[in-house]
Amino acid sequence: MRLLIAVIFLACAAAWAMPAFAQDDDAAMLLVAHPAFRDLDYRQTVLLAAPGPNGGHVGVILNRPTRRSLSSLFPEHEPSKKVMDPVHYGGPFSRGALVALIKTDAAPGAGTLQVMKNLYMAFRVNTIDQVIESRPNDARYYVGYVGWRPGELKTEIDRGIWSVLGADLDVVFRKDMEGLWEEMLRQTRRIRAGGEVPYAAAFAGAFSNVIFDPR
């Protein structure tokens, strides 16, 4: 996700506190958007991100449920009517594609990525179809996703764009996503040694007009 960041952000980046949780390049993580991240796709979002097969990362936005059901998107697909949760907006990459996060202890089919223990991300239509037909409510369905080139996510975290928490299956499949960002933000706020202000408040006024462009 290429970010065009205002010069003022780069100039002040060193003054920001480091993320409260260390990043493990081999583990899934929850990403909590900084309050100054004002791009409409990512403002006040919590993402699940995991290492991809190409050395980069892939993920979905967790707290953007839509008002659409899966059956409203695929009215001719009878099994879709069994899915109870709404479809979520996963991110700006391939907005027309369906992606699924599936709770299972084994790969549900081809074209899947193991995100963490008992959680897989599926991209292939045939695999997602099989899940909908056999275990429709053991998955959450997203339109679009988010992707990062190798090293790109680490750079964004180092700049303070995201704070990092350990991935949590209960958070991923939480029924009510309202207030999730605020709760996760509170978890990530820490005061640096030496009495500096929390990173979420640092330079808030200076960045009030900063726009992050993920195009």
- Item | Any chance Leu185 is at pLDDT 95 or above and within 13 Å of Val32 (Cα to Cα) | no
- When you go through (1) at pLDDT 95 or above; (2) surrounded by fewer than 16 Cβ atoms within 10 Å (Cβ to Cβ) one by one for Gly111, which number turns out not to apply? (1)
- Query: Looking at Leu31, Leu101, which one is under 16 Å from Arg135 (Cα atoms), among the hydrophobic types (A, V, I, L, M, F, W, C) and within 16 Å of the chain's Cα centre (by Cα)?
  - Reply: Leu101
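Out of the residues in the stretch 120-138 meeting the condition of being buried (at least 22 other Cβ atoms within 10 Å of the Cβ) and farther than 12 Å from Gly59 by Cα, tell me which one is nearest to the chain's Cα centre (by Cα).
Here is the first cut: in the stretch 120-138, the ones buried (at least 22 other Cβ atoms within 10 Å of the Cβ) are 120-122, 128, 131-132.
When the remaining residues are screened for being farther than 12 Å from Gly59 by Cα, the result is 128, 131-132.
Values: Ile128: 20, Val131: 22, Ile132: 22 Å.
Result: Ile128.
How many residues, within the stretch 141-160, are over 25 Å from His34 (Cα atoms) and not hydroxyl-bearing (Ser, Thr, Tyr)?
In the first step, residues of the stretch 141-160 are kept if they are over 25 Å from His34 (Cα atoms); the result is 141.
So of that shortlist, the ones also not hydroxyl-bearing (Ser, Thr, Tyr) come out as none.
Residues meeting the conditions: 0.
Which of the residues belonging to the stretch 141-191 are of a type in the set (Phe, Trp, Tyr) and part of a helix (DSSP H, G or I)? If you could, list the steps in order and put the result at the bottom.
If we filter the stretch 141-191 for residues that are of a type in the set (Phe, Trp, Tyr), which is where we start, we get 141-142, 145, 148, 162, 173, 181.
Hit for the stretch 141-191 is Trp181, nothing else.
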- Item | Criterion: at pLDDT below 95, surrounded by fewer than 20 Cβ atoms within 10 Å (Cβ to Cβ) and in contact with a Gly (Cβ under 7 Å, 6 or more places away or on another chain) - qualifying residue of Ala20, Ala13, Ala27 | Ala13
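The values are calculated or read from the model by the stated rules, or taken from the named source; none is laboratory data. Just so it is clear, the structure is predicted and the values come from calculations on it, not from any experiment. Positions of Cβ are backbone-derived with ideal geometry, glycine not excepted, and every protein chain shown enters the neighbour counts.
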